[in-house]
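One structure is given here, and the rest of the page talks about it.
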Amino acid sequence: MLRIHRTFPVKLSRRLVSNAPIMGDASAALFGQIRRVAVERHQFVLVNREGAMQRKCAIVVLSIAAAAALGLSSSHGRASIAERNSLSGPPPGLTGYGQTLWNLEALLHDTFGNKTTCLRLRDYAFVSATCGDLARYGRWKNIFVSAQHSRFKLVRLAHPPALGNVALITVRGLYVSCGRFPVAFAPLAHEGSKTRRWLVVLHGWAMTPFTCL
């Protein structure tokens, strides 16, 4: 004959909790809810004539609950990383010139933070602390306010690269390496190196365009 015995609430093992990744609010709430339901459903267990408690069902349910909550936490973490990566890159749909400007502004933000940035017109050098009058300095107006993590890198060179009738851009006294970044304007795509390009400004073009060359 079967008897019904009341048991104490089932507790998750400390090892499971300590080894679990940090969960977000939604995952933690779901985990707690599933745990409470599992405990309530198994406060009463069937006992056979010898008095041996049948806990296997309760353990299986709690294991599934833990796996579901931890799986949701892992998925949420991967989604957050993907979202951060998408926010740190240029917005979709930009032209080659738009991507060049985005990476230039990201480099300025990476270098100067939120400080006012100016382009010194006599040598096309981006500076911050020494911005002067508008006759000699152009105040930079951000287009991509949140741009960060530029593909461009600052490099110290003993001598400037020889690139012809263009002006090399410097940021805080360092040259801007574009690596393999594409040229922004199709007529110039065949110019310069294919693997070691530098950020320049073109003479005689409207709006002082920047490109890697």
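R180 versus A158, label points 7 Å from Cα toward the beta carbon: distance in nm?
For the pair R180/A158, the computed spacing is 2.9 nm.
Whole-Hz Karplus ³J(HN,Hα) for the range 155-166, in order, using 6.51 cos²θ - 1.76 cosθ + 1.60 and θ = phi - 60°, x for Gly and Pro?
The phi angles translate into 9, 8, 10, 6, 9, x, x, 8, 10, x, 7, 9 Hz.
Starting from the Cα of T116, step 7 Å along the direction of its Cβ; do the same at Y97; then give the gap between the two resulting points in nm.
So the label points at T116 and Y97 sit 2.8 nm apart.
Report the full-extension gain for the segment A206 to K141: residue separation times 0.36 nm, less the Cα-Cα distance, to one decimal in nm.
Gain in length upon complete extension: 21.7 nm.
Each value in this text was obtained by applying a stated rule to the coordinates, not by laboratory testing. Just so it is clear, the structure is predicted and the values come from calculations on it, not from any experiment. Backbone-built Cβ (ideal geometry, glycine too); neighbour counts: all protein chains shown.
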